[in-house]
Amino acid sequence: MSASPVYLDAASAAPPHPVARQALLAALDDGWADPARLYGQARRARQLLDAAREAAAATLGVRADELSFTPSGTAAAHSAVLGGLAGRRRAGGTLVHSAIEHSAVLHATERHVAGGGTAVAVPVDRLGRLDPAAWSAAVGAPGVALAALIGASHEVGTVQPVAEAAAACAAAGVPLYVDAAQLVGRAPVPAGWSVLTASAHKWGGPPGVGLLVVRKGTRWESPWPADERESGRTPGVVNLPAVVAAAASLRAAAAEAAAEAARLAPLVDRIRARVAAEVPDVEVVGDPVHRLPHLVTFSCLYVDGEALLHALDRRGFAVSSGSSCTSSTLRPSHVLEAMGVLSHGNVRVSLHRETTEDDVERFLAELPGIVADLRAEAGVVGL
Amino acid sequence: MTGPARGDASPQVLDCRGQRCPLPVIKLARQLPELPVGAVLRVLADDPAAAVDIPAWCRMRGHEFVATHPEGPGYEVRRLH
C-alpha cells in the first residue's frame, strides 16, 4: 500500500518533460509582456513567441505561419471543426467524421448540427478501425464541407488509416482535419491533411496549450469574434511561458519518440498478453498491431469500472476508464459503443517516458488479485 | 425488430430497469442457465451501457443476441449451450 505511486494515464496528461519545466521557468522571467506591444519587454516576448512557433512548426514539418497556439487542445479542435465548416459553407453543410472522434470534435459537431448543419458518422469495426469504403462514400457525397478523423484513438489506441482517408478526401475535393493529439510527439503524422490539432499536455508539455495548424490554401474561417492574435485564428493573448514550454518539450519529445516507442510498445504487448492470460473473462480491445505504442485498454466482465478505478488508486495505480459509471454523463464511452466491445469494468493504461518495466510488472502482478477481490465482493465468481 | 423464433411465443422477462452497469449483465448471466437451451430471455434495462454490454456478453459467452426492442428497452438473448 505504501509503494510509490505508478502513474499510467499519459493519454489524459503526460507528466511534464524536464525540458518543459526548464523552459517554463525561464519564460516566466522573460516572456510575461504582451508580445503585440512596441517596447523592449514586448519585443523580447515576441521573440520568444516567434521562436516557439518556428520550433513547433519545424517539428511538425509545416510553415510557421500555418501554426497557431490555442488555449487548449479542445479549443483547437473546436476551431478546426467550426472554422473548417465555416470556410467551406458554400461547398455545403455536411461534416463527415468517424464514430470514434474525441468528444471535443463531437461537441463542435453538435453545435454545427444545432445550427442547421448535418453530420455523418462513419463506423469502425470491432478493433476500432475506420471503415474505408464507408468513409470514401461519405466524403464523396454532395455537400460535404469538411471531414474529421482522429489520427489514433485516445481510448483504445487503434491507429487510423489517415493516408487512405486523406486520399479519399483529396479525390472528393474535401479538406481533411486530423485530430493528432495522441500522435504528435510520439509517432509520425501521415501526410494529406489540411487541418491538424494537438495538445501539449499529451506529449509532456504544460496543460493549457493546443496547436492548430491550417495548411496554406485551406479554406478556413475563424468561428470566433475577430481578434488579431495568432493570425486571427484564435482570440486572446496566449499563455506565452506555457507556449514556450510546449514548443521546447515538443522538440524534445519528438527527438525521443522513436526510441520511446521502441521501449514502450513491447511493454504494451506484455500488458496485452498478460492481462488476457492472467485475468479471467477480460476483453483486451483495440487493434493489436496498428496501434499507439503507449496505450492499451481492456474490460473486465462483471466488474464495476468505478470500483476498479478506486481499487487501483488505493494501490497507487492511476488509470482512466471509458465505463459509464466513471463518466459524468453516465453513458458508456462512445468509442467502446461504436466498436461493440464490453464497456463495463473498463481500464485504459497509457505509458510515458518515466514509466519503467518495474511499474508495469507491479501493475500486472497486482491487477489479477484486485479484479478477483472485486468479483468476490460482487458475488460473480464462476458466472 | 425480429420476434423470437423457434416457437418461443413469449420469452421470459428479466426486469433490470433502474440498475446500473454491470448489474443487468450479471443478472442475465445468473438467469440464462436456468432456462432450457434454445429459450429466449428478454432483459429490460434502461442503463445505456446495457445496449453495448449485453451483445458483448453474448459474444464472449457464445450465446445468441437476438434483438433489441425499443420498449424497456428490451434485449433478447437465446441460450445456445
Could you tell me which residue of the range A:215-241 is surrounded by the most Cβ atoms within 10 Å (Cβ to Cβ), considering only residues that are under 25 Å from A:GLN182 (Cβ atoms) and of a type in the set (D, E, K, R)?
A:ARG233
I need every pair where a residue in the range A:346-357 that is over 16 Å from A:THR158 (Cα atoms) has its Cβ under 6 Å from the Cβ of a residue that is among the aliphatic types (A, V, I, L, M), sequence separation at least 6 or different chains.
A:HIS352/A:ALA10; A:HIS352/A:ALA14
Please state which one of A:ALA246, A:ALA259 is closer than 24 Å to A:THR74 by Cβ, out of contact with any strand residue (DSSP E or B) (no Cβ under 6 Å at 6 or more places or on another chain) and hydrophobic (A, V, I, L, M, F, W, C).
A:ALA246
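Listed here are the residues, each with its yes/no results for (1) basic (Lys, Arg); (2) surrounded by 23 or more Cβ atoms within 10 Å (Cβ to Cβ); (3) farther than 30 Å from A:LEU336 by Cβ; (4) out of contact with any helix residue (DSSP H, G or I) (no Cβ under 8 Å at 6 or more places or on another chain).
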{"site": "A:ASP29", "(1), (2), (3), (4)": "no, no, yes, yes"}
{"site": "A:ALA33", "(1), (2), (3), (4)": "no, no, yes, no"}
{"site": "A:ARG43", "(1), (2), (3), (4)": "yes, no, yes, yes"}
{"site": "A:GLY73", "(1), (2), (3), (4)": "no, yes, no, no"}
{"site": "A:GLY83", "(1), (2), (3), (4)": "no, yes, no, yes"}
{"site": "A:GLY115", "(1), (2), (3), (4)": "no, no, no, yes"}
Checking A:VAL62, A:VAL96 in turn, the sole residue that is of a type in the set (Val, Ile, Thr), assigned to a strand (DSSP E or B) and closer than 28 Å to A:ALA187 by Cα turns out to be A:VAL96
Among the residues of the range A:168-213, which ones are more than 18 Å from the chain's Cα centre (by Cα) and aliphatic (A, V, I, L, M)?
A:ALA168, A:ALA170, A:ALA171, A:ALA172, A:VAL174
Would you check if A:VAL335 is under 29 Å from the mean Cα position of the chain (by Cα) and surrounded by fewer than 22 Cβ atoms within 10 Å (Cβ to Cβ)?
no
Residues to consider are A:VAL282, A:VAL238, A:VAL244, A:VAL268; find the one that is away from every other protein chain (no Cβ under 14 Å) and in contact with a Phe, Trp or Tyr (Cβ under 8 Å, 6 or more places away or on another chain).
A:VAL238
Conditions first: (1) modelled with pLDDT under 95; (2) crowded, with 22+ Cβ neighbours inside 10 Å. A:PRO190 passes all but one, so which condition is the exception?
(2)
How many residues are more than 9 Å from every other protein chain (Cβ to nearest Cβ) and part of a loop (DSSP other than H, G, I, E, B) if we restrict to the range A:334-359?
6
Give the residues of the range A:279-329 that are assigned to a loop (DSSP other than H, G, I, E, B), of a type in the set (Gly, Ala, Ser) and closer than 16 Å to B:ARG20 by Cβ, sorted by residue number.
A:SER321, A:GLY322, A:SER323, A:SER327, A:SER328
From the list A:VAL282, A:VAL244, which residue is in the same structural domain as A:ALA147 (by TED's automatic domain parsing) and buried (at least 22 other Cβ atoms within 10 Å of the Cβ)?
A:VAL244
Looking at A:ALA252 and the list (1) touching a residue at least 40 places away in the same chain (Cβ under 8 Å); (2) of a type outside the set (D, E, K, R); (3) assigned to a strand (DSSP E or B), which single condition is not satisfied?
(3)
Restricting the range A:1-38 to residues that are polar (S, T, N, Q) and part of a loop (DSSP other than H, G, I, E, B), the residue that is modelled with the highest pLDDT
A:SER12
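Residue-by-condition table, conditions (1) modelled with pLDDT of 95 or more; (2) more than 14 Å from chain A (Cβ to nearest Cβ); (3) loosely packed, with under 14 Cβ neighbours inside 10 Å:
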residue: B:PRO11; (1), (2), (3): no, yes, no
residue: B:LEU28; (1), (2), (3): yes, no, no
residue: B:ALA39; (1), (2), (3): yes, yes, no
residue: B:HIS63; (1), (2), (3): yes, no, no
residue: B:ARG78; (1), (2), (3): yes, yes, no
Which residues, taken from the range A:99-138, are farther than 24 Å from A:VAL289 by Cα and in a strand (DSSP E or B)?
A:THR118, A:ALA119, A:VAL120, A:ALA121
Within the range A:308-318, does at least one residue satisfy the condition of being buried (at least 22 other Cβ atoms within 10 Å of the Cβ), at the interface with chain B (Cβ under 10 Å from one of its Cβ atoms) and free of Cβ contacts under 8 Å to residues at least 60 places away in the same chain?
no
Quick check: anything in the range A:360-378 within 14 Å of another protein chain (Cβ to nearest Cβ), crowded, with 20+ Cβ neighbours inside 10 Å and either over 30 Å from B:GLU34 (Cα atoms) or among the aromatic types (Phe, Trp, Tyr) (or both)?
no
Looking at the range B:45-61, which of the residues that are hydrophobic (A, V, I, L, M, F, W, C) and touching a Phe, Trp or Tyr at 6+ places or on another chain (Cβ under 8 Å) is nearest to the other protein chains (Cβ to nearest Cβ)?
B:ALA51
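The values are calculated or read from the model by the stated rules, or taken from the named source; none is laboratory data. Keep in mind that this is a model prediction, so the values were computed, not measured. Note that we place each Cβ from the backbone using ideal geometry, even for glycine, and neighbour counts take in every protein chain shown.
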